[in-house]
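Shown next, in C-alpha cells, is the structure this report addresses.
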Amino acid sequence: MAAALPLAVLLLLLLGPVGGGHAEPPRDTLREELVITPLPSGDVAATFQFRTRWDSDLQREEGERITLEKDNCHLLVSHYRLFPKALGQLISKYSLRELHLSFTQGFWRTRYWGPPFLQAPSGAELWVWFQDTVTDVDKSWKELSNVLSGIFCASLNFIDSTNTVTPTASFKPLGLANGTDHSFLRYAVLPREVVCTENLTPWKKLLPCSSKAGLSVLLKADRLFHTSYHSQAVHIRPVCRNTRCTSISWELRQTLSVVYDAFVTGQGKKDWSLFRMFSRTLTEPCPLASESRVYVDITSYHQDNETLEVSPPPTTTYQDVTLGTLKTYAVYDLLDTAVINNSRNLNLQLKWKSPPATGALNRGLVFAEAPPVPFLYAQRYVSGYGLHNGELNTLLYNTHPYRAFPVLVLDTVPWYLRLYVHTLTITAKGKENKPSYVHYQPAQDRLQPHLLEMLIQLPPNSATKVSIQFERALLKWTEYTPDPNHGFYVSPSVLSALVPSVVAAKPVDWEESPLFKSLYPVSDSSSYFVRLYTEPLLVNLPTPDFSMPYNVICLTCTVVAVCYGSFYNLLTRTFHIEEPSTGGLAKWLANLIRRARGVPPL
C-alpha cells in the first residue's frame, strides 16, 4: 500500500487535471511555407522553410529535471511534441545558445540568380554559439560534431582543430544574445563533403509531419538532387516570446533550397508546374501546422516583353520589399479549404506569355533585356604557376552607382598553404584600399588553420581585388588523400554586409511576416543584411609519385621470386650418380655392328 501511493501521485502529475480542469494549451507551433521564384537566368528556385517554435527554456527545465531526479522523483519535465527530442537534448546537454548547420551541393550564382534568401557554402558548414557556462568549449565542440555526424549521417566527425576557427566579427548571434564573447563561438567548413539522400532522410524525419503531409510531400529525393543547386540547413536559436522579451522560446528553422533548370526540367520550355518539378502535387496541409502557405514570385523581370500567368489564380497577393527589391507574391493558403479543390490536388502552374512578334522569345531562347545585377557579389580564384608558390585572389563587386558600403570578409586557409601576410594587397579603381579592421590568426602546422578577417569599404561602382601570396607545403605521405592528384579544397570566403536597398522597407511585425523575411531582421529600412559565399578553391600540392611503390614491389617480388627459386633448387636438390647398366639385346646388337665396322664396343 505504501508503494502504490507514490505511483498514483506520479500518474496524476503526468496525466494532469481530470474532470473540470482545462487542458494546458500546446506550447509549440509549426509554420511551413514554400517560396517559388523564377530567376533572371530562366531557372526556377524553390525554397522550403519549416519553423517549429517551442515556448520552453531547455536549460532551466533540464536543471529542474536533474534536481527532481536527485530527489528520487523521476518526472519528465520537458514534454516533446513538435520539437525534435534529439535536438532538444543537444541544447540541454551541451548548453547551446545557437546552432547552424547546412549541407550544400552546388554553388549559388549570385551574378545570374540574384541574392538568395539564405546562402550556404558548398559542402558542410557548422557554426555554434555555446553558453558562457561551458568550461571546455573545444571538448563540447568535438563531442557535438560527432553527435551531429550520427544524427545527419554526415562526415562531421572530421571536424577537428585543423579546420576549426573562432571568428571575431563575422558571425554574430541571430537570436537573443546577452554577450558577444567570441571565445564561445566555433566555426568549421568541410568543402569536400558530398550531399546525398542519406543526409536528406534524417533531415525530413525531424519534421513533425515527416514527409507524409503538407509541403514536405514534395521532398522527393530523386527530384531534389536532379537540380543545379541543393542546400538543406538546420538553424536553432532563442527568440523572444513576447514584445517585452520577458521569456524565451526556442526556434528550430529547417530550410531547403533547390534550383531547377527550367529548360531541362520543362523540356525546352520556361513554363513550369509543381508536378513537373517535384513529380508530385499538394494534397493536404500538415494537420499539426498552424500556417501552411505557398508564395509564388510573380514580379516580372521583363515587363515590357513578357508577363507571368499563374494558375489557379491566387486568392490573395503579398507585396513587400524583399532583399532590397519590391516584389509581389501570389499567396496560396493550404489551410483554406477553397485552395485545394474537390479532388484534393493543388498543382500550381506558371506560364510566360509573350507578344506574337517577339521572334526568338516565342521559342524561349533568349531574354529581351539583361537581368538586374545585384549590388554585391564576389568571385575567387587561384593564380600562379608551378607547385611551389601561388596567390589567392578575391574580387568584390559593388555595382551601386553612387553608394559605398563596408563588407566584412572572412578567409579560412588550411595550414599547408603558408600565407605571406606582408603580400596582402587590396586595390580598388587602381588605388590602394586599406581595411579599417584586420584580424589575423596564423596557422600552426597540423594544429590550426589561418584566420583572416577584414572590414573593407567598397567604393561605388567598383571591383575591389584582395590578393595574398602563399607557399605550398610538402605533406607526409600518410597525410595525402586517396586521390591526391584531384587536389585539396580550400574553404570559400564569407562576405557579410549591409547592402543598400532599392526601396525603403517599412517596419513590420516579424512574427506575422513570411518566414523568408524574418531570419535576418534589420532595423535600418534603407539596407538589408546579406551573407554571401564565394566558390571553394581546388589547389594542387606537391605530390610524390605514388605509383613508384607499386613498381618497386613488382620488381622486388620478381627478383626475389627468381633468385629464391634458383637458390632453393640449388640448396634442396639431391644429385645421384647413375651406375652403368649391363645392357641387353640392344647393346649386344650395337656391339656386333661396331665390331663389323671396326669400332671399339660399348
Mind counting the residues in region 135-159 that are in contact with a strand residue (DSSP E or B) (Cβ under 9 Å, 6 or more places away or on another chain), of a type outside the set (Ser, Thr, Tyr) and in a loop (DSSP other than H, G, I, E, B)?
3
Residue in region 119-132 that is out of contact with any Phe, Trp or Tyr (no Cβ under 9 Å at 6 or more places or on another chain) and modelled with pLDDT of 90 or more present
no
Do you know which residues across region 232-258 are modelled with pLDDT under 90 and charged (D, E, K, R)?
241, 244
All conditions in (1) touching a residue at least 60 places away in the same chain (Cβ under 8 Å); (2) farther than 25 Å from residue 529 by Cβ; (3) not aliphatic (A, V, I, L, M) are true of residue 184 except (2)
Looking at region 136-154, I want the residues that are over 20 Å from residue 95 (Cβ atoms) and have a partner that is charged (D, E, K, R) with Cβ atoms under 9 Å, at least 6 apart or on another chain. Which pairs are those?
152/198; 153/198; 154/193; 154/198
For residue 7, the lone unmet condition from (1) part of a helix (DSSP H, G or I); (2) open to solvent by 80 Å² or more (accessible area, probe 1.4 Å); (3) at pLDDT 80 or above; (4) more than 27 Å from residue 325 (Cβ to Cβ) is (3)
Does residue 141 count as open to solvent by less than 40 Å² (accessible area, probe 1.4 Å) and within 16 Å of the chain's Cα centre (by Cα)?
no
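To keep it simple, each residue is scored yes or no on (1) among the charged types (D, E, K, R); (2) out of contact with any Phe, Trp or Tyr (no Cβ under 7 Å at 6 or more places or on another chain); (3) part of a helix (DSSP H, G or I).
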| position | (1), (2), (3) |
| --- | --- |
| 470 | no, no, no |
| 498 | no, no, no |
| 530 | no, yes, no |
| 541 | no, no, no |
| 546 | no, yes, no |
| 568 | no, yes, yes |
Residue hits (region 207-231; assigned to a loop (DSSP other than H, G, I, E, B), open to solvent by 20 Å² or more (accessible area, probe 1.4 Å), within 23 Å of residue 125 (Cα to Cα) and not β-branched (Val, Ile, Thr)) are 225, 226, 228
Of 177, 169, which residue is surrounded by 15 or more Cβ atoms within 10 Å (Cβ to Cβ), assigned to a loop (DSSP other than H, G, I, E, B) and in contact (Cβ under 8 Å) with a residue 40 or more places away in the chain?
169
Hey, does region 268-275 have a residue that's touching a Lys or Arg at 6+ places or on another chain (Cβ under 6 Å), open to solvent by less than 50 Å² (accessible area, probe 1.4 Å) and at pLDDT below 85?
yes
Conditions first: (1) modelled with pLDDT under 90; (2) surrounded by fewer than 16 Cβ atoms within 10 Å (Cβ to Cβ). Residue 157 passes all but one, so which condition is the exception?
(1)
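Residues checked against (1) free of Cβ contacts under 8 Å to residues at least 60 places away in the same chain; (2) open to solvent by less than 70 Å² (accessible area, probe 1.4 Å):
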position	(1), (2)
428	yes, yes
445	yes, no
453	no, yes
492	no, yes
Out of (1) in contact (Cβ under 8 Å) with a residue 12 or more places away in the chain; (2) open to solvent by less than 50 Å² (accessible area, probe 1.4 Å); (3) among the polar types (S, T, N, Q), what's the single condition that is false for residue 481?
(1)
Taking region 522-563 only, how many residues are among the hydrophobic types (A, V, I, L, M, F, W, C), open to solvent by less than 60 Å² (accessible area, probe 1.4 Å) and at pLDDT below 85?
1
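Results for (1) assigned to a strand (DSSP E or B); (2) under 27 Å from residue 513 (Cβ atoms); (3) modelled with pLDDT of 85 or more, shown as yes or no for each residue.
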site	(1), (2), (3)
310	yes, yes, no
317	yes, yes, yes
328	yes, yes, yes
342	no, no, no
350	yes, yes, no
365	no, no, no
370	no, no, no
387	no, no, yes
393	yes, no, yes
Do you know which residues across region 126-135 are in contact (Cβ under 8 Å) with a residue 40 or more places away in the chain and out of contact with any Gly (no Cβ under 7 Å at 6 or more places or on another chain)?
126, 127, 128, 129, 130, 131, 134
Given the criteria in a strand (DSSP E or B) and among the β-branched types (Val, Ile, Thr), does residue 234 qualify?
yes
Complete set of residues in region 96-130 that are more than 15 Å from residue 199 (Cα to Cα) and in a strand (DSSP E or B):
96, 97, 98, 99, 100, 127, 128, 129, 130
Among (1) under 19 Å from residue 530 (Cα atoms); (2) at pLDDT 85 or above; (3) out of contact with any His (no Cβ under 9 Å at 6 or more places or on another chain); (4) crowded, with 17+ Cβ neighbours inside 10 Å, residue 323 falls short only on (2)
List pairs: first residue in region 76-88 and within 17 Å of residue 148 (Cβ to Cβ) and at pLDDT 85 or above, second residue surrounded by 15 or more Cβ atoms within 10 Å (Cβ to Cβ) and among the β-branched types (Val, Ile, Thr) anywhere in the structure, Cβ distance under 6 angstrom, at least six positions apart or on different chains.
83/52; 86/151
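The values are calculated or read from the model by the stated rules, or taken from the named source; none is laboratory data. In this text, all values refer to a predicted model and were calculated from it rather than measured experimentally. All Cβ positions, glycine included, derive from the backbone under ideal geometry; neighbour counts span all protein chains shown. For the accessible areas, the whole protein counts, side chains as well, though only heavy atoms, and no ligand, DNA or RNA atoms are used. Shrake-Rupley method; radii C 1.70, N 1.55, O 1.52, S 1.80 Å.
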